[in-house]
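Here the structure comes first, spelled out in structure tokens, and everything after it is commentary.
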Amino acid sequence: MSSDDNKQLYGLLAEFKNPGELMEAARAVAKAGYHKFDAHSPFPIHGMDEAMGLKKSKLGWIVLGHGILGMLGGIALQLWVHTSAYPMNISGKPEANMPAFVPVTFELTILLAAFGTFFGMFALNKLPRLNHPLFNSKTFEKASDDGFFISIEAEDDLFSDEKTEKLLKDIGASHVEKVYDTD
């Protein structure tokens, strides 16, 4: 029994020589119908999202929703305080003085939008995750320096060890390896 028999296959990791090859490989993998794959490089590559066929992020809507919630909450809090909880008639001014509400409303809008951004990113990125299976690969250490990689997860509907490895080699991968999840 080999050591690979007691580990679960996470997927395949393919290395490419440069950003151009990585971009073409991402297009080819997306065109082949794979959905659970990712491209890794030491720097952002313009156009990679389109090459991978990624949809727009939901984060903008999450931030907008939290910002609106903060704005409405700030206005509601101040209206309640000034009209019900502690009403004060100062020089005949209206109790619901909207221009005076602007600073608190603005600050609560920004605060809740920031919380929405932070926690939305955590949720969308499935964090916290203390260890990723790709970190088990010695080859993948080059991803932060001079390596360009595509990883295809075994959970993808089209994934097959042999066919996926053949596809990666056919599109120009210089090295393909199986990555196992040790959890």
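Just order 165-173, 19-27 by mean Cβ neighbour count inside 10 Å, highest at the front, would you?
19-27, 165-173
Any idea which of His40, Trp80, Leu64 is furthest toward the positive side of the dipole for the stretch 19-101, if Lys and Arg beta-carbons carry +1 and Asp and Glu beta-carbons -1?
Farthest towards the positive pole: Trp80.
Could you tell me what % of all Cα pairs in the stretch 19-76 have separations over 20 Å?
Roughly 46 percent, rounded to a whole number.
Across bins of 10 angstrom width beginning at 0, how are the C-alpha pair distances of the chain distributed, in whole percent?
9, 25, 23, 14, 11, 10, 7, 2, 0
Would you compute, for the Cα atoms of the stretch 15-121, the largest minus smallest coordinate along each principal axis and list the three values in descending order, in whole Å?
Principal-axis extents of the stretch 15-121 (Cα, largest first): 74, 24, 17 Å.
Could you sort out which of Lys7/Lys31; Lys36/Lys58; Lys58/Lys138; Lys56/Lys138; Lys55/Lys138 sit more than 28 Å apart by Cα distance in this structure? Kindly include the intermediate steps, with their values, before the conclusion.
On the way: Lys7/Lys31 30 Å; Lys36/Lys58 18 Å; Lys58/Lys138 33 Å; Lys56/Lys138 32 Å; Lys55/Lys138 31 Å.
Violating the 28 Å Cα-Cα cut-off are Lys7/Lys31; Lys58/Lys138; Lys56/Lys138; Lys55/Lys138.
What is the Cα radius of gyration of the stretch 59-124 over 2.2 N^0.38 Å, N being its residue count? If you can, show how the numbers build up before the last one.
Details: Rg = 14.8 Å, N = 66, 2.2 N^0.38 = 10.8 Å.
Against the empirical 2.2 N^0.38 Å value, I get 1.37 for the stretch 59-124.
Roughly what % of Cα-Cα distances in the stretch 88-142 sit above 14 Å, to the whole percent?
Value for the stretch 88-142 (Cα pairs over 14 Å): 74 percent.
How many angstrom separate the Cα center of the stretch 119-183 from the Cα center of the stretch 52-83?
The stretch 119-183 and the stretch 52-83 have Cα centres separated by 35 Å.
Who wins for biggest fluctuation among Lys31, Lys93, Lys163 in a Gaussian network model of the chain, springs between alpha carbons below 10 Å?
Comparing Lys31, Lys93, Lys163 in the GNM, the peak value goes to Lys93.
Assuming 1.002 mPa s and 20 °C, estimate D for the stretch 1-51 with Stokes-Einstein, Rh taken as the Kirkwood radius over Cα pairs, in µm²/s.
Rounded, D is 168 µm²/s.
With axes computed from alpha carbons, what is the tilt in degrees of helix 59-80 against the longest principal axis of the chain, rounded to the nearest 10 within 0 to 90?
Its long axis makes an angle of about 20 degrees.
The numbers here are math on the coordinates, done by the rules we state, and not lab data. None of the values given here were measured: they were computed from a predicted structure. A quick note on method: Cβ atoms are made from the backbone with ideal geometry, for glycine too, and the neighbour counts reach across all protein chains shown.
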